[in-house]
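Data first, discussion second: the structure below is written as C-alpha cells.
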Amino acid sequence: MAMPPAPSGAAFFPSPTRDLAEGLANLRTQGLTIFPGLLEGRSLQRARDALYRAAEDDAARGRHQAFSLDYAQDRSNRRVWNVLSRDPIFEDLAFHPDALAYVKGVLGWPALLGNLSANITGPGGGEMVLHADQIFVPEPWAPEPQGLNIAWCLDDFRESNGATRFVPGSHRLNRPPQGQEGVEEARPLEAPAGSAVIFESRVWHQTGNNRTADEHRAGVFAWYTKPIYRPQENWFLSLRPEVRDFASEEALVLLGYRTEGLGLVHGRSPA
Amino acid sequence: MVPPSSALAAAREALLHQGWAVLNGVLDEATCTATLERLWAAAAAYEAQGHSTFMPVLDPNAANVRVFDLLALDGCFRDLILQPEAIALVEALLGPNFRVSNFTANIARPGSGSMALHSDQALVVPEPWHAPWALNIIWCLTDVTFQNGATLFVPGSHRAQSRDDLGPNPEARLVPFEAKAGSIIAMDGRLWHTSRKNITEGEDRALLFAYYVRDFLRGQVNFNALLDPALQATLGPELRQRLGLQAAENLTAGAALLGKAPRA
C-alpha cells in the first residue's frame, strides 16, 4: 500500500493549536497534534527539575531502567518508569484537564492510564525502532485508535537533540510499519519546552538520534488506552499511596480504581 | 485416572478447529467430590464475608449460585488454575503469553434461569474478532446434561468475525455441551454461548469457569487488590506471573519487535 503523500516544508506537521476541535481534527487527519505552552513558568521548571532529579537518583543507585524498544547498544538514553510516583507535579501532567479532553475525544470514557514514563536522550543516544504504540494489539486492527500518547516536552525538542520523529498520516494505514517502511519519511517534530505532542496509537514514530555533544532532552510520555487493555504499569503494586488517597474521580478511573466488568475485586469496583 | 496423551492431543485439535473440546477424566471421582464440597464451603465463606452469590446482572433468579474469588478462597482452586492438561489447552489456543482473567463458579440449582447469548470476547473486544484472545476452561464438578443446565453453544460461531457473521436467529442453532463429572470443557472466547435453565427436580449442575486471556488484555479481576498480601507472598513465580502481579506488564510485543522474534 502506498504511503499517504508527504507534504513538504512547514506543512509536514499541523500548526500548533490550543483549540480542542482543531486538535482533534489534526489527530484524525495527521494522527497527531501539537498543544503549545500546556506547561509554563514554574510548573514547567518544577516538572523538569523533578524529572532530572529522579533520573540522577536512579543513576546514582545503579537503578538502570532499560526498555525493550531501545537499541541494546544505547548507553545514553535514560528511562524513568512510574514517574507518577516520583513527584506530585507529575499528577498535574497525567490528569491535566486539557490532556484528558483529548483522551476523552479520541478514546472515549472510561479510559486507563497505561503508563507514565520518561525518556531523556543524551549525546549519541536516543534512536529507537520506528513503531506504532498499539503493536501489542494483534492485526488486523479495529478501525479506531486503541490508545493515545501525550508527550510532554520538558526541554526544547530539536532535530539535533533527539526530537521524536513522526510519519504524519501513517495511522490511516491502520497497521505497523514493515521492515524499513516509513524510516525515510519520518521527520523530527520540533517543539519548544512546555509543548505537548498528542498522538494516537497507530501513528508511526521513533525517538530521534541525539547528535549534540553535551545536551539532554527530556520528555514525559503519558500513555492512555481503552479500558480493555492491561496497563504496562501495575499501579496497584507500584503507585505511591497518597496519589490514590487524594485522587480525583477522573484519576481513580484512569488508575483502574473505578471500573465495571474488568479489574474487579469481589465482583465489584475496588473503590 | 489421567487421560492419555492421545486424548489431550485430540482435544487440542478439536479446540483449534471446532472452537471447543471436552477432555474426560481430568479429575477422578474422589477429587471431584472433594472439590465440590470445597466449592460449597467456599460459597459459604464468600457469603460470610458479606458478598452475595446472586448476581442480578447475570442471572434472573437466585437459583444460580455464583462464587467469585475462588483463588482467594481455597488452595485447591489455585492448583486447578495451573493444572497441566488445562494449561496445555490454554497454550494451544492462546500461545505462551496468557494471564488468568478470572476464576468463578456457577452452580445452577433446579429452577435456575438462562443468560443472554454472548461470546466472551465479543463482550469486551471490538470487531473484527479474527483470532482467539480468550478461553474458558470449564471444570465439570457434576455431570452436565441438557436437563440440568448445560452450557449451550452455536457450533462454528467462533469463526464469526462480527455480529453480522453470526447470521439470523443464532438461538435456533444452540446445542449443549454435555460432559461427565471430572471433565474439562475448553471453549474458545469467540464461541457464542449461553447457560440453559436447570429443569431437573433436584439436581445441581456445578461448573468452575477458569477464564484466561492474552497478556495484553486487562483481566476481569484485579488480583493485586483482591488477594491478601500475606497470601500473595506464598504464591510461586508461575502463578504470580499468570495473575498479573508483576510491576511491569504488557511489554511482550515491544520486546518481540526489537528482537525481531515472531510476534506472540
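What follows is calculated from the coordinates using simple rules that are stated; it is not laboratory data. From a predicted model like this one, the values you see are computed outputs, not experimental measurements. Positions of Cβ are backbone-derived with ideal geometry, glycine not excepted, and every protein chain shown enters the neighbour counts.
What size of dipole, in debye to the nearest 20, comes out for the range B:5-215 about its Cα centre when the only charges are +1 on Lys and Arg C-beta atoms and -1 on Asp and Glu C-beta atoms?
320 debye
For each of A:33, B:194, count neighbouring Cβ atoms within 10 Å of the residue's Cβ, then give the residues from fewest to most.
Ascending Cβ contact count within 10 Å gives the list B:194, A:33.
Using only alpha carbon positions, build the gyration tensor of the protein assembly as shown, then give the equivalent ellipsoid semi-axes as the square roots of 5 times its eigenvalues, largest first, whole angstrom.
Working through the eigenvalues yields semi-axes of 46, 24, 21 Å.
Out of the GluC sites (Glu not before Pro) in the range B:152-223, which ones are loop residues according to DSSP with at most 13 other C-beta atoms within 10 Å?
The qualifying sites are B:201.
In terms of modelled amide H atoms, which long-range or inter-chain residues lie less than 5 Å from the amide H of residue A:204?
Amide H neighbours of residue A:204: A:167, A:170, A:171.
When a footprinting reagent is the concern and you count Cβ atoms within 10 Å, what order do B:82, B:27, A:148 take, fewest first?
Lowest to highest Cβ neighbour count: B:82, B:27, A:148.
Out of residues 5 or more away from residue B:101 or on other chains, whose amide H comes under 5 Å of its own, with H placed 1.01 Å from N in the peptide plane?
Close amide H contacts, sequence-distant or interchain: B:211, B:212, B:213.
Show the residues, 5+ positions off or on another chain, whose built amide H is closer than 5 Å to the amide H of residue A:82.
Close amide H contacts, sequence-distant or interchain: A:116.
Give a residue-ordered list of calculated ³J(HN,Hα) values for the range B:140-146 (Karplus: 6.51 cos²θ - 1.76 cosθ + 1.60, θ = phi - 60°; whole Hz; x for Gly, Pro).
The phi angles translate into 8, 8, 10, 4, 10, 10, 4 Hz.
Given a Förster distance of 25 angstrom, what is the FRET efficiency for residue A:92 paired with residue A:160, based on the Cβ-Cβ distance and rounded to 0.05?
Efficiency computed from Cβ-Cβ geometry: 0.30.
Once label points are set 7 Å from the Cα along Cα→Cβ at both residue A:53 and residue B:55, what is their separation, rounded to one decimal in nm?
About 4.7 nm, to one decimal.
For the range B:238-251, just list the computed ³J(HN,Hα) in residue order, Karplus coefficients 6.51, -1.76 and 1.60, θ = phi - 60°, integers in Hz, with x standing in for Gly and Pro.
Listing the rounded values in order: 4, 5, 4, 5, 5, 8, x, 8, 7, 5, 10, 9, 6, 10 Hz.
Which of the helices in chain B meet the span-like rule: DSSP H, Cα axial reach of 18 Å or more, Kyte-Doolittle mean at least 0.0?
Helices meeting the criterion: B:5-18, B:29-48.
Relative contact order for chain B: what is it in percent, counting Cα pairs under 8 Å that are at least 6 residues apart?
25 percent
Looking at A:83, A:141, A:29, which one has the Cα that reaches farthest to the positive end of the dipole of chain A (charges on Cβ: Lys, Arg +1; Asp, Glu -1)?
The residue sitting most towards the positive pole is A:141.
How much length, in nm to one decimal, is gained on full extension between residue A:260 and residue A:43, taken as 0.36 nm per residue of separation minus their Cα-Cα distance?
74.7 nm
Given only helices, namely DSSP H runs of n ≥ 4 each adding -39500 (n - 2.57), what is the per-residue ellipticity at 222 nm of chain A, to the nearest 500 deg cm²/dmol?
So the helix-based figure for chain A works out to -6500 deg cm²/dmol.
Rounded if a/c is under 1.5, else prolate if a/b is larger than b/c, else oblate: which is the range B:72-218, with a ≥ b ≥ c the root eigenvalues of its Cα gyration tensor?
Judged from the Cα gyration tensor, the range B:72-218 comes out oblate (a/c at least 1.5, b/c at or above a/b).
Can you compute the modelled spin-label distance between residue B:171 and residue B:246, with each label point 7 Å from Cα toward Cβ, in nm?
A separation of 4.5 nm, rounded to one decimal place.
So what's the gap between the Cα centers of the range B:176-253 and the range B:11-56, to the nearest angstrom?
Comparing the Cα centres of the range B:176-253 and the range B:11-56, I get a distance of 10 Å.
Considering chain B as a Gaussian network with a 10 Å cut-off on Cα pairs, which listed residue, B:57, B:26, B:221, attains the greatest mean-square fluctuation?
For chain B, modelled as a Gaussian network with Cα springs under 10 Å, the answer is B:57.
What residue among B:82, B:60, B:107 has its Cα farthest toward the positive end of the dipole of the range B:54-110, where the charges are +1 on Lys, Arg and -1 on Asp, Glu, each on the Cβ?
B:60
When you look at the Cβ of every residue in A:134-145, what mean number of other chain Cβ atoms sits within 10 Å?
Across A:134-145, the average partner-chain Cβ count within 10 Å equals 5.
Residue by residue, what Karplus-based ³J(HN,Hα) values in Hz, rounded to whole numbers, does the range B:110-122 have, using 6.51, -1.76 and 1.60 with θ = phi - 60° and x for Gly and Pro?
x, x, 5, x, 10, 8, 7, 5, 7, 10, 4, 6, 5
Report the full-extension gain for the segment residue B:159 to residue B:13: residue separation times 0.36 nm, less the Cα-Cα distance, to one decimal in nm.
Using 0.36 nm per residue and subtracting the Cα-Cα distance, I get 51.0 nm.
Just want the ordering: A:131, A:205, B:118, B:130, from fewest to most Cβ atoms lying within 10 Å of their own Cβ.
Least crowded to most crowded, the residues run B:118, B:130, A:131, A:205.
Counting only other chains, what is the mean number of Cβ atoms within 10 angstrom of the Cβ of each residue in peptide B:210-216?
3
What is the list of residues in the range B:163-195 whose amide nitrogen lies under 14 Å from a point 7 angstrom out from the Cα of residue B:30, following Cα to Cβ?
Under 14 Å, as judged by backbone N against the label point of residue B:30, lies no residue of the range B:163-195.
What distance in nm separates the two pseudo spin-label positions at residue B:232 and residue B:91, each 7 Å out from Cα along the beta-carbon direction?
Computed distance between label sites residue B:232 and residue B:91 equals 2.7 nm.
Averaged across B:243-252, how many Cβ atoms of other chains sit within 10 Å of each residue's Cβ atom?
If you average over the peptide's residues, the count of other-chain Cβ atoms is 6.
Based solely on its DSSP helices, what 222 nm [θ] is calculated for chain B when runs of n ≥ 4 H residues each add -39,500 (n - 2.57) and the sum is averaged over all residues, nearest 500 deg cm²/dmol?
It comes out at -8000 deg cm²/dmol, rounded to the nearest 500.
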